[in-house]
1. Open to solvent by 60 Å² or more (accessible area, probe 1.4 Å) and in a strand (DSSP E or B) - does that describe any residue in the range 111-129?
2. Could you tell me whether residue 185 is in the same structural domain as residue 221 (by TED's automatic domain parsing), touching a helix residue (DSSP H, G or I) at 6+ places or on another chain (Cβ under 6 Å) and open to solvent by 20 Å² or more (accessible area, probe 1.4 Å)?
3. Restricting to the range 381-426, name every residue that is touching a Leu at 6+ places or on another chain (Cβ under 7 Å), in contact (Cβ under 8 Å) with a residue 40 or more places away in the chain and away from the ligand (no atom under 12 Å from the Cβ).
4. How many residues are under 30 Å from residue 349 (Cα atoms) and either open to solvent by less than 40 Å² (accessible area, probe 1.4 Å) or assigned to a helix (DSSP H, G or I) (or both) when one looks only at the range 219-238?
5. Can you report the number of residues in the range 239-265 which are surrounded by fewer than 19 Cβ atoms within 10 Å (Cβ to Cβ) and touching a helix residue (DSSP H, G or I) at 6+ places or on another chain (Cβ under 9 Å)?
6. Of all strands (runs of 3 or more DSSP E) completely enclosed by the range 266-354, which ones contain at least 1 residues that are closer than 29 Å to residue 251 by Cβ and open to solvent by less than 20 Å² (accessible area, probe 1.4 Å)?
7. Every residue in the range 601-649 that is under 35 Å from the mean Cα position of the chain (by Cα), modelled with pLDDT of 95 or more and small (Gly, Ala, Ser), please.
8. Name the single residue, out of those in the range 433-457 being outside any helix (DSSP H, G or I) and more than 16 Å from the ligand (Cβ to nearest atom), that is least open to solvent (accessible area, probe 1.4 Å).
Amino acid sequence: AQLDTLDLVVLVALLVGSIAYFTKGTYWAVPKDPYAASATAMNGAAKSGKTRNIVEKMNETGKNCVIFYGSQTGTAEDYASRLAKEGSQRFGLKTMVADIEDYDYENLDTFPSDKVAFFVLATYGEGEPTDNAVEFYQFLTGDDVAFESGASADDQPLSSLKYVAFGLGNNTYEHYNAMVRHVDTALTKLGAKRIGSAGEGDDGAGTMEEDFLAWKEPMWAALTDTMDLQEREAVYEPVFCVSEDDETTAEHDTVYLGEPTAAHREGRAKGPFSAHNPFIAPIVESRELFTVKGRNCLHMEISIADSNLSYQTGDHIAVWPTNSGAEVDRFLEVFGLEGKRHSVINVKGMDVTAKVPIPTPTTYDAAARYYMEVCAPVSRQFVSTLAAFAPDDASKNEIVRLGNDKDYFHEKITNQRFNIAQALQSITSKKFADVPFSLLIEGLNKLQPRYYSISSSSMVQKDKISITAVVESVRLPSASHIVKGVTTNYLLALKQKQNGDPSPDPHGLTYSITGPRNKYDGIHVPVHIRHSNFKLPSDPSKPIIMVGPGTGVAPFRGFIQERAALAAKGEKVGTTLLFFGCRKADEDFLYADEFKTYQDQMGDTLKIITAFSREGPQKVYVQQRLRENAELVSDLLKQKANFYVCGDAANMAREVNLVLGHIIAQQRGMPPEKGEEMVKHMRSSGSYQEDVW
Ligand code: FAD
């Protein structure tokens, strides 16, 4: 008899099953290269032939709890992992963590009622989903949500789906926690049952971690009731198996020494370059922009020639950083790893659904230097988990106290701005050599690229991207040390090296400037590009108003560069008004000389209004200058000007929004609410654009 399709499916399934049995699943337990594995939207799962059906996946792997995350910078992903661990260790749930873009949503109506789905969703930018959650969000909130079974929205198709929801947001943005709110509403409308409240963490108020901790206890209580779970004494179970490989040396060409992907390691990295496959870009020029000692702002020109990458004026570039040698040493020392820092380690998931977040095999040194966020602020929950591995009773008791007492933790750790190694050093001088390395991989985020608003025009320099980055170096009165930003101090070291300093060592930090296997020598840095909606009007004759104090001026340098070039070509360019603010004209007025040159090209079309906060007896900020120029601003808006704000999200952008509402109301003789409404309308129609962080 001929084989029909069903026979073939059965045969293939049997074959796959036998391979699975004989290889004990090792072939697909862990993607060989986790970075390459989730390259694009139709990513990992599809490419490697893995199922995109979550129900099938959970049945196959014996799970009853999936924790989906929508994450941009890694925090939501971290919370998802923590919930998975806690669910498994405290309540015996069979948990798995899932990148929300790795699965389909059309079959969520078949989600069994004895299982639960968590949604841990960050809100990005102006109330938008994170890149990996775009499709999910569009599916769920679209007008005609359609499930595979054919059920329509009116049928309450998700009535068997139990879910838990937590959002990560920032109250300084207008659409605070929009993602979790909209998804929660959509799920409920489709008949799904939420367990506990929909949690909201607020990064703007700096309470994200405590909001999360406060939300999860009642949520667990509600989930315990609904699913009839028994709480038990949580015992640490590693998520990853970390084994040292004595046979292989660090130089062996299979070992990742900091390379982002397998192709980079093998020296055959090629495009398309993306967030999962950075381009190792040459820095062709770098210089200091501030003229004052003790503070730094870097201007860098990064070449993307021969990369096939392209950008548009207003886009962002992401820089993949390297941790400083000083902090890598501290980290390895505190955890008793400095003697074997170059030992080769293999990292595997204990469970088939555990995705290894760092490339493997690697070394302890490379993991700490290139793959783990070892300098970040520490969470109370993570510090608590270290108590079981403390070197003596005194430090164990201290850690338990820190874990239980929120205020004490804030005083001793958070307010001191310690990273994990500094925090443990403040407790004892003894080493924490018993901490399993898996716990560190679980507890620390993977090292994240940082974004910079591109400060050049793609029309003027299409192969060269400028960035304008202020070097983070903060000493708080309460803290005993200076907090150094990871990426900006690394960039500072690169600048020092490029400008002839043989051993760049900003603030005693030291860096592996030449990168893994010297591949970044000649001053290279891994980058990728993120396209944004922050764009000049397509018609250059339209006026524009830009508000960009400090490094907020970055994209506006690009805007002005572009409009000056158009003017020089004889095109009609509309009024180009910039509000810029800094401390003092002769200290930190970014690009002051360049702007003079542009003014020569553009004449009166370019107007720059400045606010210097430390020159007069009274502090003056851009908001005040806006108010003083209300008539000009209002006139330009009547001529259909676009309005742009870039820089500090916490205070400046919010106030500018308010001031603009007042200006409109006052100039047009309207009540204040009407002015606010007009600004809202400008936002939704795209004539008020923000690029804030
Ligand atoms: P990080 O190490 O990430 O530290 C960030 C902050 O956290 C610092 O203030 C630091 O003091 C604090 N911190 C670090 N460690 C701890 C700790 N252990 N405890 C407590 N606090 C700690 N920046 C620019 O300069 N120019 C731009 O054009 C620009 N554009 C951006 C565009 C976008 C879309 C976004 C999202 C951000 C942009 N940024 C820009 C900010 C930039 O991405 C980085 O956040 C910034 O440069 C700091 O990075 P870093 O790695 O040096 O600091």
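The values are calculated or read from the model by the stated rules, or taken from the named source; none is laboratory data. What you see is a predicted model; the values in this text were computed from it and never measured. Here the Cβ positions follow ideal geometry from the backbone for every residue, glycine too, while neighbour counts run over all protein chains shown. Just the protein is used for accessible areas: all its heavy atoms, side chains included, with ligands, DNA and RNA removed. Shrake-Rupley method; radii C 1.70, N 1.55, O 1.52, S 1.80 Å.
1. Yes - at least one qualifying residue is present in the range 111-129.
2. Details: in the same structural domain as residue 221 (by TED's automatic domain parsing): yes; touching a helix residue (DSSP H, G or I) at 6+ places or on another chain (Cβ under 6 Å): no; open to solvent by 20 Å² or more (accessible area, probe 1.4 Å): yes.
For residue 185, the condition - in the same structural domain as residue 221 (by TED's automatic domain parsing), touching a helix residue (DSSP H, G or I) at 6+ places or on another chain (Cβ under 6 Å) and open to solvent by 20 Å² or more (accessible area, probe 1.4 Å) - is not met.
3. 381, 383, 385, listed by residue number.
4. Looking only at that region, the number is 9.
5. So the count comes out to 8.
6. The qualifying strands (runs of 3 or more DSSP E) are 279-288, 316-319, 344-349.
7. 611, 613, 641, 647
8. The residue in question is 435.
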